[in-house]
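Accompanying notes for the structure given below.
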Amino acid sequence: MKYPMNVLKTDSTARGLRPRQKMFVSRVPCAFCRGDGVDPNYGNMSKCQVCGGAGEIKVKPPVVTCLSCSGSGYSSGFLSCLACRGSGVVSVAPEAGTCPKCRGTGEDGVFYCIPCKGQGIA
């Protein structure tokens, strides 16, 4: 499936990040269950805790791939990502661009960048 996109520039020298793209879509496949609707941690007898078994998630466009989990929907181990709530994407403002403070890395020293909430977009 092709999505209309706008490329956001990032500081390519910072941690080898690639440019991120704004996608203007209203639904995305669930990253946590990979669109199956089944909870990957508990098997075929349970619904996905993120999408409720639908296999897709309704989002507010535009969206970008979550920087915290790299779009996987997982934060660590079997837990869903707290930044994107397991969807793999986060909504941004239509006029949003690369965060000037962290230059798109989402990090500010040891901690995450506060102005962009660790997403690299402000």
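No value in this document is a laboratory result; all are computed from the given coordinates. Owing to the predicted nature of the structure, the values given are computational and were not obtained by experimental measurement. In this analysis, Cβ positions are derived from the backbone assuming ideal geometry, glycine residues included, and neighbour counts consider all displayed protein chains.
Assorted remarks:
- Candidates in region 82-102 are the residues that are closer than 20 Å to SER26 by Cα and hydrophobic (A, V, I, L, M, F, W, C); of these, the one that is surrounded by the most Cβ atoms within 10 Å (Cβ to Cβ) is CYS84.
- Matching residues, region 49-72, being small (Gly, Ala, Ser) and over 25 Å from GLY97 (Cβ atoms): GLY52, GLY53, ALA54, GLY55
- Some residue of region 95-114 being within 18 Å of GLY52 (Cα to Cα) and in a loop (DSSP other than H, G, I, E, B): no
- Hey, CYS84 part of a loop (DSSP other than H, G, I, E, B) and under 30 Å from ALA54 (Cα atoms) or not: yes
- When PHE111 is tested against (1) touching a residue at least 12 places away in the same chain (Cβ under 8 Å); (2) on the phi < 0 side of the Ramachandran plot, exactly one condition is not met: (1).
- Scanning region 57-72 for residues that are surrounded by 15 or more Cβ atoms within 10 Å (Cβ to Cβ) and more than 17 Å from ARG20 (Cα to Cα) gives ILE57, VAL59.
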